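This report concerns only the one structure given below.
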């Protein structure tokens, strides 16, 4: 059991950091941290620090993984931002493009890129559905 934890320590740390990143986006953790540290902290500071720690852990694992992950994280952030700020039809069109690129990458035996396109498709579909469901509440 300890050997399993030792072998996957970087994956466990990355998953915990991503979970903390998600909680800091969804919940007002900056208020609690500001009260504990007795200084004013913005949500952007917390997210920037968490993203920097994630990138440092990825750089510790492998340099090539760091470069690829940095590009993919940046692209994912831009896709999320584009998806949230754009018209719903563009979100669904981009999801279809990502979905159509997934089997092409699998045929070319680029599994990591195919997995990334599949996750991007899922993200865009979730964004589209959330915009459809909460359209009146978000854009009044």
Confirm whether residue 70 is out of contact with any strand residue (DSSP E or B) (no Cβ under 6 Å at 6 or more places or on another chain), on the phi < 0 side of the Ramachandran plot, at pLDDT 75 or above and part of a helix (DSSP H, G or I). yes
Among 71, 57, the single one that is under 26 Å from residue 113 (Cα atoms) and surrounded by 15 or more Cβ atoms within 10 Å (Cβ to Cβ) is 57
Tell me the residue from 49, 110 that is assigned by TED's automatic domain parsing to the domain that holds residue 128, surrounded by 12 or more Cβ atoms within 10 Å (Cβ to Cβ) and more than 26 Å from residue 129 (Cα to Cα), please. 110
For region 1-20, the count of residues that are in contact with a helix residue (DSSP H, G or I) (Cβ under 9 Å, 6 or more places away or on another chain) and either outside any helix (DSSP H, G or I) or modelled with pLDDT under 75 (or both) equals 1
Looking at region 46-64, can you tell me whether even one residue there is part of a helix (DSSP H, G or I), at pLDDT below 80 and farther than 27 Å from residue 23 by Cβ? yes
When (1) buried (at least 18 other Cβ atoms within 10 Å of the Cβ); (2) in contact (Cβ under 8 Å) with a residue 40 or more places away in the chain are applied to residue 98, the one that fails is (2)
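The values are calculated or read from the model by the stated rules, or taken from the named source; none is laboratory data. Quick caveat: nothing in here was measured; it's all calculated off a predicted structure. Don't worry about glycine lacking a Cβ; one is built from the backbone with ideal geometry, like all the others, and counts go over all protein chains shown.
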